[in-house]
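Computed from the coordinates by the stated procedures, all read-outs in this text should not be read as laboratory data. Nothing here was measured: the structure is a model prediction, and the numbers come from that model. Neighbour counts run over all protein chains shown; Cβ positions are idealised from the backbone, glycine included.
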Amino acid sequence: MQKNINTGTEQLLAHFNEGIITLTLNNPRYKNALSENLTPYLRRILKKINKDSKYKLLVIRGAGGSFCSGGNIKGMKKKEKSLSLDKKINDLTKKQKDLTGILYSLKIPTIAVVTGPAAGAGFSLALACDIRIGNKDSFFTSNYSKIGLSGDYGISWFLNNLLGEAKAKEIMMLNYRIYADDALRIGLLNFLFKRNFEKSVSRICKEIVLQSSLAMKHIKNNIQSSRQNNLEKIFKMEAKNLIECSNSKEHKIAILKFLKK
């Protein structure tokens, strides 16, 4: 049974059903821009999700045919000008860590359902998820340099690690739109469904939730840790995590199910 969760703002909807928590950015008039009426509440709920074992999968999506258009450009003009340079840097660094930083490091699998634009910081938000699913209207664009900015919320790191340095520079410098078919081809999208979209998204979510949550946690940790560690360290980490999984109840149940098939 689906349970609605109070996020503290109408611009962020949340519901929980069968191990899946779905967050919907709900400011369609502004294509779900990351406003001050949305982003602090998104940061807060991400912290709560990481502490609650009942959540097996996080899905992030947008209302009204858009994923997220990025930062609120009008709001940028209103930011506090009296802060020192160090204070501004520290403030933005913390905001980034508490949003895409937490999202990327969540223990559970994460899926971005990208319908329509994922632009600027919205692009970063999608990249911070483990899997991205798109429809025929999906597209990605940086847009930062169009307004004289260099990028934030980890976009340079995410793009470089996902696509390589040359492609990351191309996307950030040229600001063109990467539409659904090309996004799938180069690896920005993991799945593209042009028909039966919601059913297809639901099928993938259910498939992940049916897996061992402990195994999912360690798979994610192994892969993400491999960016910073050499092969020898990964051997040891994989051994430790696999043995922990093999001793779990989930593993024993999975083996019985497998043998029955």
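Taken as Cα centroids, the stretch 95-167 and the stretch 2-64 sit 17 Å apart, rounded to the nearest whole angstrom. Note on the chain: helix-only mean residue ellipticity at 222 nm, from DSSP H runs of 4+ residues weighted -39500 (n - 2.57) and normalised by residue number, equals -13500 deg cm²/dmol.
Each DSSP beta bridge with both residues in the chain is either parallel or antiparallel, and the antiparallel ones are about 35%. Each semi-axis of the equivalent ellipsoid for the chain is √(5λ) with λ an eigenvalue of the Cα gyration tensor; in descending order they amount to 31, 21, 20 Å.
Restricted to Cα atoms, the stretch 213-260 shows a radius of gyration and a Dmax of 12.4, 40 angstrom. Put a dot 7 Å past the Cα of Leu256, heading toward its Cβ, do the same for Lys240, and the two dots end up 3.1 nm apart. Taking 26 Å as the straight-line reach from the Cα of Lys260, the lysines in range (excluding those fewer than 8 positions away in the same chain) are Lys56, Lys206, Lys217, Lys249, Lys252. Note on the stretch 3-209: dipole from Cβ charges, positive end direction compared against Gly148, Asn90, Ile178; the farthest Cα belongs to Asn90.
Working note: Karplus 6.51/-1.76/1.60 with θ = phi - 60° gives the stretch 208-216 the couplings 5, 5, 6, 6, 4, 5, 5, 5, 4 Hz, where Gly and Pro are set to x. For the chain, the longest principal axis of the C-alpha atoms and the axis of helix 39-50 are separated by about 10°. In terms of its C-alpha gyration tensor, the stretch 175-261 has an oblate overall shape, because the principal axis ratio a/c (a ≥ b ≥ c, square roots of the eigenvalues) is not below 1.5 and a/b does not outweigh b/c.
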